[in-house]
Amino acid sequence: MNIILLGPPGAGKGTQAQFLVEALGMVQLSTGDMLRDAKDSGTEMGKLVADVMSRGDLVTDEIVIGLIKEKLDGEKGAGFIFDGFPRTLAQADALGKLLNDCDIKLDSVIEIQVDDKALIKRIVGRSTCGGCGQVYHDETKPWPSDGKCSSCGSTDVKRRADDNEESLKQRLMEYYKKTSPLLGYYFAKGNLVSIDGLLSMNEVRDSLKKVINKE
Ligand code: AP5
């Protein structure tokens, strides 16, 4: 099973991808995580994208397509979860070609629908574990009271540089201008399924599982 998770910033793509990795052994390919890793390790590419990301703009198609290509060549597992990729029509075309070349079938494109008001709350309250990337939220999924990540035990709490209202406005603008046309693109291809992302994390996970198990 190979799927794309589509949705605005804060929709829950990363949270749900983690569930699927743990439950089904799928491989999460998050271009946001790859770009943040490059930024943190201070590579030339990381330096190039740091400002773009903190403003909330999209990184060039060429860079992210290159990152995905590298991973597709190396990773194996019970299917891929494309999280935050593709984000433009050019990226969608490039992914189609890459999958075709690797003889990989795209099974579903799952849109996680959440309204803008809820997104602000989710983004502003988010933190992630510096050890393993587990996603937390100040209200809906707070850090364990002993201060240790429930997955890896790390005490390194991270907040993203682009998790503020100003960058979020720009990220949303980019989403509606450049990424939302993909909904029509994948609908026309017959791949699109939409689920309600305003439900609790576990309910969203159950909806996703139903799509994956074709129930
Ligand atoms: P990226 O890292 O992909 O960020 P994003 O798309 O903005 O999405 P987020 O990671 O912010 O949100 P999410 O949907 O994963 O939500 P999460 O599960 O964390 O990209 C960052 C930047 O990198 C981009 O702006 C761009 O610059 C660049 N970039 C990346 N990919 C690119 C590409 N392909 N092309 C060009 N540039 C690219 O959840 C959010 C919070 O809500 C968490 O705290 C979580 O606990 C909580 N939550 C989740 N689900 C629920 C629920 N059901 N109920 C209540 N709370 C919930």
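Can you go through 196, 156 and tell me which one is of a type in the set (D, E, K, R), exposed (fewer than 15 other Cβ atoms within 10 Å of the Cβ) and over 30 Å from residue 50 (Cβ atoms)?
Numbers: 156 fails: over 30 Å from residue 50 (Cβ atoms).
196 is the lone residue from the list that is of a type in the set (D, E, K, R), exposed (fewer than 15 other Cβ atoms within 10 Å of the Cβ) and over 30 Å from residue 50 (Cβ atoms).
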### Task
Check off (1) touching a Lys or Arg at 6+ places or on another chain (Cβ under 9 Å); (2) closer than 21 Å to residue 137 by Cα for residue 28 and give me the number that stays unchecked.
(1)
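State yes or no: is residue 176 within 14 Å of the ligand (Cβ to nearest atom) and among the aromatic types (Phe, Trp, Tyr)? Walk me through it before giving the result.
Numbers: within 14 Å of the ligand (Cβ to nearest atom): yes; among the aromatic types (Phe, Trp, Tyr): yes.
It is true that residue 176 is within 14 Å of the ligand (Cβ to nearest atom) and among the aromatic types (Phe, Trp, Tyr).
Return a yes/no flag: does region 81-92 have any residue that is of a type outside the set (A, V, I, L, M), more than 10 Å from the ligand (Cβ to nearest atom) and on the phi < 0 side of the Ramachandran plot.
Here is the first cut: in region 81-92, the ones of a type outside the set (A, V, I, L, M) are 82-88, 91.
Then keep just the ones that are more than 10 Å from the ligand (Cβ to nearest atom); that gives none.
There is no residue in region 81-92 that is of a type outside the set (A, V, I, L, M), more than 10 Å from the ligand (Cβ to nearest atom) and on the phi < 0 side of the Ramachandran plot.
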### Summary
Taking region 9-46 and keeping residues of a type outside the set (Gly, Ala, Ser), in a loop (DSSP other than H, G, I, E, B) and near the ligand (Cβ under 7 Å from one of its atoms) leaves 9
### Query
Is one or more of the residues making up region 49-64 within 30 Å of residue 212 (Cα to Cα), in a helix (DSSP H, G or I), modelled with pLDDT of 95 or more and within 15 Å of the chain's Cα centre (by Cα)?
yes
#### Entry: First in region 124-148 and of a type in the set (A, V, I, L, M), second anywhere and near the ligand (Cβ under 10 Å from one of its atoms) and not in a strand (DSSP E or B), Cβ under 7 Å, 6 or more apart
124/163; 135/14; 135/15; 135/18
### Task
Could you please tell me which pairs satisfy a Cβ distance under 8 Å, a separation of 6+ or placement on different chains, a first residue in region 48-63 that is more than 16 Å from residue 85 (Cβ to Cβ), and a second residue that is polar (S, T, N, Q) and part of a helix (DSSP H, G or I)?
54/167; 55/167; 55/170; 56/167; 56/170
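Among the residues of region 170-190, are any among the basic types (Lys, Arg) and touching a Ser or Thr at 6+ places or on another chain (Cβ under 8 Å)?
Taking region 170-190 first, the residues among the basic types (Lys, Arg) are 171, 177-178, 189.
This time we only want the ones that are touching a Ser or Thr at 6+ places or on another chain (Cβ under 8 Å), so: 178.
Yes, region 170-190 has at least one match.
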### Message
Against the conditions (1) touching a residue at least 24 places away in the same chain (Cβ under 8 Å); (2) closer than 27 Å to residue 173 by Cα; (3) away from the ligand (no atom under 14 Å from the Cβ), where does residue 96 fall short? Just the number, please.
### Response
(1)
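Only one residue in 127, 167, 151 is closer than 20 Å to residue 33 by Cβ, hydroxyl-bearing (Ser, Thr, Tyr) and exposed (fewer than 14 other Cβ atoms within 10 Å of the Cβ). Which one?
Values: 127 fails: exposed (fewer than 14 other Cβ atoms within 10 Å of the Cβ); 167 fails: exposed (fewer than 14 other Cβ atoms within 10 Å of the Cβ).
Answer to the selection: 151.
Residues checked against (1) buried (at least 20 other Cβ atoms within 10 Å of the Cβ); (2) farther than 13 Å from residue 28 by Cα:
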position	(1), (2)
81	yes, no
84	yes, no
88	yes, yes
97	no, yes
102	no, yes
107	no, yes
111	yes, yes
115	no, yes
### Task
Just one of (1) on the phi > 0 side of the Ramachandran plot; (2) in contact with a strand residue (DSSP E or B) (Cβ under 6 Å, 6 or more places away or on another chain) trips up residue 103, so point out which.
(2)
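The values are calculated or read from the model by the stated rules, or taken from the named source; none is laboratory data. Remember, it's a predicted structure, so these values are computed and weren't measured experimentally. Note: ideal-geometry Cβ built from the backbone for every residue, glycine included; neighbour counts use all protein chains shown.
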